Amino acid sequence: EIIREFVDANGAPISRVTVGNEFFVRIRLRATNREFQPQLAVVDLLPGGVEPVIELQPAANSSEPGDDPAMRRQRGAASALPVGVPGKSDWTPEHIDVREDRIILYGGASKNVATFTYRVRANNVGTYVVPPAFAEGMYNRTIVGLSKGATIEVIKP
């Protein structure tokens, strides 16, 4: 099961934003048939007038022996992911692929609802129909989840 919402900083659902403003995309995910469902790909197509906000990463300390920045992500450090707000999320994907028109999250889901939240910025005026977000088993195509579609309006400042 997957639910995607556009929300403000307080977590209230929104359907209208102003160009240049940032807001959040909240994805909630859970397995419905098993205690844990591994190896899922969650695809969230972004509306045309919206772009993901890449989170700044701390500089790597290359002078310290044994500190490999690439290993931070494998140790589960949420702050090492390119998108995502750790304070508003309780699920950390194993990998995130940020593309121009979509965010792809890879990981597993348990019976308990898990939330992943990331920031986006409105960059173009218009009313956009947003396709549903979907989750799919990477190796078992019978595992499928589909959220509701949405509409978002981006207005002039």
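Considering the conditions (1) outside any loop (DSSP other than H, G, I, E, B); (2) under 24 Å from Ala31 (Cβ atoms); (3) not basic (Lys, Arg), Val83 is excluded by exactly one of them, (1). Restricting to the range 109-150, give me the number of residues that are in contact (Cβ under 8 Å) with a residue 60 or more places away in the chain and farther than 26 Å from Asp90 by Cα. Of the residues in the range 109-150, 6 are in contact (Cβ under 8 Å) with a residue 60 or more places away in the chain and farther than 26 Å from Asp90 by Cα. Just one of the numbered conditions (1) touching a residue at least 24 places away in the same chain (Cβ under 8 Å); (2) open to solvent by less than 70 Å² (accessible area, probe 1.4 Å); (3) more than 18 Å from Glu100 (Cα to Cα) is not true of Glu1: (2).
Output the residue which, of all residues in the range 83-102 that are touching a residue at least 60 places away in the same chain (Cβ under 8 Å) and under 30 Å from Pro157 (Cβ atoms), is surrounded by the most Cβ atoms within 10 Å (Cβ to Cβ). Checking each candidate, the answer is Val85.
Here Thr127, Thr117, Thr151 are screened, and the one residue that is within 16 Å of Pro52 (Cβ to Cβ) and in a strand (DSSP E or B) is Thr117.
If you take the residues in the range 13-30 that are hydrophobic (A, V, I, L, M, F, W, C) and under 17 Å from the mean Cα position of the chain (by Cα), which one is farthest from Val50 (Cα to Cα)?
Of the residues in the range 13-30, the ones hydrophobic (A, V, I, L, M, F, W, C) are 14, 17, 19, 23-25, 27, 29.
Now drop any that are not under 17 Å from the mean Cα position of the chain (by Cα), which leaves 14, 23-25, 27, 29.
Numbers: Ile14: 14, Phe23: 10, Phe24: 11, Val25: 11, Ile27: 16, Leu29: 22 Å.
My answer is Leu29.
Whenever a residue of the range 44-66 is at pLDDT below 70, its partners that are assigned to a loop (DSSP other than H, G, I, E, B) and not β-branched (Val, Ile, Thr), lying with C-beta atoms within less than 8 angstrom and at least six residues away or across chains, give the pairs Gln57/Pro82; Ala60/Asp67; Asn61/Asp67.
The values are calculated or read from the model by the stated rules, or taken from the named source; none is laboratory data. Note that this is a predicted model, so its numbers are computed, not measured. Every residue, glycine among them, receives a Cβ derived from its backbone with ideal geometry; neighbour counts consider all protein chains shown. The protein model used for the area step is the full one, side chains on, heavy atoms only, and it has no ligands, DNA or RNA in it. Shrake-Rupley method; radii C 1.70, N 1.55, O 1.52, S 1.80 Å.
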